[in-house]
Each structure stands twice: as structure tokens, then as C-alpha cells.
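Student: One structure, as C-alpha cells, below. Some questions next.
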Amino acid sequence: MESEGKITVAYWKIRGLFRHIQYVLEYCGADYDTKIYEAGGPPDYCRKVWFDNKFNLGLDFPNLPYLVDGDFKMTETVPIIFYIAEKYKPEILGETPQEKATIQMLMNIIHFEAKEPITWDFYLIEDRAKTLEGAIKAIEPIAKFLGDKDYFMGDKPMLPDLHIAELVHLVLAIDTEGEFAEKFPNIVALQKRVDNLPEIKAFLESDRCKDIPFHNLNAKQNP
Amino acid sequence: MESKKLIIGYWNIRGLVRHVEYVLEYCGADYETKLYELGDGPDFSKKVWFDEKFNLGLEFPNLPYVIDGDFTLTETVPVMFYVAEKYKPELNGETAKEKGKVKMLMAILHGLKWDLTMHCYRSDDANEGLKLSFEGLENISKCLGDKDFFLGDKLSLPDLYIAELIALIKAFDTENTLAENYPNIDALHKRVDELPEIKAFLESDRCKDFKFNNKSAKLFPS
């Protein structure tokens, strides 16, 4: 029987959406283990290992990632991230209704207006330059919001800071001419600042931070 | 200092804003709407919105928006959570697990709304819209089961959200097959619309007789 309060988070054997969740798990000091599904390689990129289990796990809306906490189960990446923060470090979700709302809006923008379309480009197109152009366009309003602040909400790290860090890693992986870094020095500085938080630094140096690809093997670009 | 009215900005359609209105009305919020009308075809000009879009102090300018004194916000689901948080926070769930379930359901419901709305702008095939609807409703109906509301016997944000989504699905459903296929979903729709605050809203002149979609849509256009 699993230990009291220990949560399980499941995903593919890739950084994908999971590394974003791990930043929050680690920053919040959550007690967790992982369940990893490994998709096959070329030519089929077989996902049977997941599909064989998908409908037998008691998930209301079966998908990856999923989270299990005792008899509580959930899916949907951003709600999962909010759940972990709510359970272990609710202060990173904001205090006032206005702060909470701004954080939710930022999470929406970072995840659905940036992470998601950028990720689609990695899977569907081979053109690195076009992918980078899309990333620059998506990050521009986010960089404007950050301005010259240390963190999105001011001087303390909150959920959106943790969420954007991994996305910046992904974009920098294709920023071969340094165009992104030059346009958004504040965003790159934020990513470094987050990676230097003691909990994150410890995670990045640990064996919990696996050296695995960003995407599944069927992606056209996989730095 | 007296509280000012919330201002909600949107197109003059039901679209995403009727979902927000359900929350505003249930919470008894003091609000007014600022409506933008899309230009006629074939251009369907957004000029009336674009003229204001970057001058409202919005960090990520979009519709719908809310302006609450000095505070501004966009993104439909965060807007709904904000209204609930401000006036009736229990709608967002009380324990971490309830909050998690509420957030997951809102993501699922909003995802389905998005898919069905995209269909309306691309296609005039109502039957296909209904097919997509029922595919999406399958797991939602199982999740609700025989409970009165998604969290059991107390109302939360997804219950208020789904009512307008079901109204859209019923518009595809020209043969009225929803009740026999998903009786619990039909019952939830009726249960929410019978809440005193919602019933009063639906009978008031604040509930405008708008179409679901903008003029450029192929299904249910203005």
C-alpha cells in the first residue's frame, strides 16, 4: 500500500509536459513517484503500452499526464499543476482574488498560447527557423508582462515562473543564432533565476531529473 | 469606497460570455456589459474592437475581458474563476481535491465548447456537430453519474458552465435525442436553469436574445 499522501504522476518517457509538473512537485517538496510509459520507436511509434491500460485506471477523462493521490485521480496538465500547488504550497497560487486570477490568466497564456502551439510545431514541421519565429511571437506578450520584474508577480516566484522555465529550455534548444535570447533577455534571466532556486537546483542535479528527449520519437524536431 | 460595477466586454452574441453571465448572475455580482458588434459580411470587420483593444489596460488583450476598478483580466475560464472567487468562492471547490476536480472539469468542458464552436464556424452540418457533442458528453455524463451536481450535492463552477454548453448542443439536436441518450446531463441542465438566480436572469432583459455565434459562423450566426 502506498505511503500516506504520496502521489503518483504518470507520463511518457520524455520531458514533454512532465518536466513542467516536476518543477512544481520539486519546488513544493511533494512526496511523489512516477509511472512512466515508453512509446515505441520507428516506424510505428507504438503507444500500445499506454492504450492497453488507458481505460482501466479509473480515470474520468483518460489521458497523459495523470495524477493519483490515494483514491483521488485526475488528468489535464494545468489542473494537475494547480492541484499539486494547492496541496503543498498554496501561496504560489496567489493570495487575493486579483492575484489568483492573474496567475490563472498567465498559466493559460503560457500553456495554451505558447507551450501548446510551439510543441505542435516540433511534432509537425521540420523547419527550425519557422518554429523559432512562432515561439518568438508567442513569448512576446509574456515578456512584455514580465518587464523588468524578477518574477511575473513581482519579487517572489509563483506558479507561472515555474511553468515557463521548461518552455524556455525548449526554445533555447533551437535558438542556434541566439535570436530569442537577444530579444527576450528578461525571460532568459527568469529561467536562470528559477533554475537557481535551491529546490530546483537540487532537482536538476539529482537523478530524478532524467536525461531524456523533449518529445516522443515521432516528433519531426527533437533537440 | 463604494464598489464599482464590473465591466464585461464581449461581442454581441451568446458565445463565451453567456457562460460568464451564469456565474455573475448566480453570484449576484453588480455588472454591466460592453458589447462589440462585428461588421457585416463579406469582411466581418473587427474594427470596432480593434480600435479599443490596446487602450483598455489589458495585459493580454482579448474578448471576453473584465474590468473591475483598476484590475483587468482576460481568458474566459480565469474570468469565471475570478468572479466566483470574489463573490462565492465555494463554487471553486473547498478542499484541494474538490478544487482539482473543478479545474479538471472546467478544462474538459471548455475544451468541448471550443471544439463545437470551431465546428460552427467551419461547417453548416448540425448532425456532425451533434456527433461531436455526444462523443464529448460520454465521459462527462459518466463523471456526473447519478449525482445532482458534479461535486455531489453542492453546486460548483462546472455545473454553471455546462448549462450554456448543453443549450448549444440542443441547438444541434433537431430530433431532441439528448434526454434519451444522456438523461443525467439533461436533468442537470434543467436543475441549473431552475436555480432562482438563474431563472430570474433568464426571464430578465439582461438575458439578451442573441445568437450563439458571430455573423461569420456557418451554424447559428448572428
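Student: Taking H as built 1.01 Å from N, whose amide H comes closer than 5 Å to the amide H of residue B:73, not counting residues under 5 places away?
Tutor: Amide H to amide H, under 5 Å and 5 or more residues apart or across chains, residue B:73 pairs with B:66.
Student: How are the alpha carbon pair distances in the range B:6-89 distributed across 5 Å bins from zero to the largest one, expressed in percent?
Tutor: Cα pair-distance distribution for the range B:6-89, in percent: 3, 14, 27, 25, 16, 9, 4, 2, 0.
Student: For residue A:12, which sequence-distant residues (separation of 5 or more, or a different chain) have an amide H within less than 5 Å of its own amide H, given hydrogens modelled in the peptide plane?
Tutor: So residue A:12 has HN proximity to A:37.
Student: Test of understanding: in a Gaussian network model of chain B with alpha carbons linked when under 10 Å, which of B:124, B:68, B:205 would top the mean-square fluctuation ranking?
Tutor: In the Gaussian network model the winner is B:205.
Student: Please express the Cα-Cα pair-distance distribution P(r) of chain B as a list of whole percents, one per 5 Å bin, running from 0 to the bin with the greatest distance.
Tutor: 1, 6, 14, 18, 20, 18, 12, 7, 3, 1, 0
Student: Over all directions, the average projected area of the alpha-carbon convex hull for chain A comes to how many nm²?
Tutor: Answer in nm², one decimal: 12.7.
Student: What ³J(HN,Hα) values, in whole Hz, does the Karplus curve 6.51 cos²θ - 1.76 cosθ + 1.60 give for the range A:183-198 when θ = phi - 60°, with x put for Gly and Pro?
Tutor: Whole-Hz 3J(HN,Hα) from phi for the range A:183-198: 6, 10, x, 5, 6, 5, 4, 4, 4, 5, 4, 5, 5, 8, 4, x.
Student: Using the Cα atoms of the protein assembly as shown to build a convex hull, what is its mean projected area in square nanometres?
Tutor: Mean shadow area of the hull around the Cα atoms is 23.3 nm².
Student: Now a separate question. Residue by residue through the range A:72-80, what is 3J(HN,Hα) from phi via Karplus (6.51 cos²θ - 1.76 cosθ + 1.60, θ = phi - 60°)? Round to whole Hz and write x for glycine and proline.
Tutor: The phi angles translate into 9, 10, 8, 10, 5, 3, 5, x, 4 Hz.
Student: Hey, what do the phi angles of the range B:105-117 turn into as Karplus ³J(HN,Hα) couplings, whole Hz, using 6.51/-1.76/1.60 and θ = phi - 60°, x for Gly and Pro?
Tutor: 4, 4, 5, 5, 5, 5, x, 5, 3, 4, 4, 5, 5
Student: Step by step: find N for the range B:91-195, compute 2.2 N^0.38 Å, then divide the Cα radius of gyration by it. What's the final number?
Tutor: Its radius of gyration relative to the 2.2 N^0.38 Å reference: 1.05.
Student: For chain B, set up a GNM with springs between Cα atoms under 10 Å and report which of B:100, B:41, B:57 has the largest fluctuation.
Tutor: B:41
Student: Pick from B:163, B:187, B:96 the residue whose mean-square fluctuation is largest in a GNM of chain B, springs joining Cα atoms under 10 Å.
Tutor: B:96
Student: Still on this structure: Return the average number of partner chain Cβ atoms within 10 angstrom of each residue Cβ along peptide B:83-96.
Tutor: That average works out to 2.
Student: Which three numbers, in whole Å and largest first, are the semi-axes of the equivalent ellipsoid of the range A:90-209 derived from its Cα gyration tensor as √(5λ)?
Tutor: That gives 24, 17, 14 Å for the three semi-axes.
Student: Give the Kirkwood hydrodynamic radius (Å, one decimal) of the range A:141-223, defined as one over the mean of 1/r across all pairs of different Cα atoms.
Tutor: For the range A:141-223, inverting the mean 1/r across all distinct Cα pairs yields 14.0 Å.
Student: Continuing with this model, one more query. Run the Debye formula on the Cα coordinates of the range A:7-90, all scatterers equal and no solvent, and tell me log10 I(q)/I(0) at q = 0.18, 0.25, 0.26 1/Å.
Tutor: Debye output, listed in q order: -0.75, -1.29, -1.37.
Any read-out appearing in this document is the output of simple, stated calculations on the displayed coordinates, not a laboratory observation. Values in this document were obtained by computation on a predicted structure and should not be read as measured data. Positions of Cβ are backbone-derived with ideal geometry, glycine not excepted, and every protein chain shown enters the neighbour counts.
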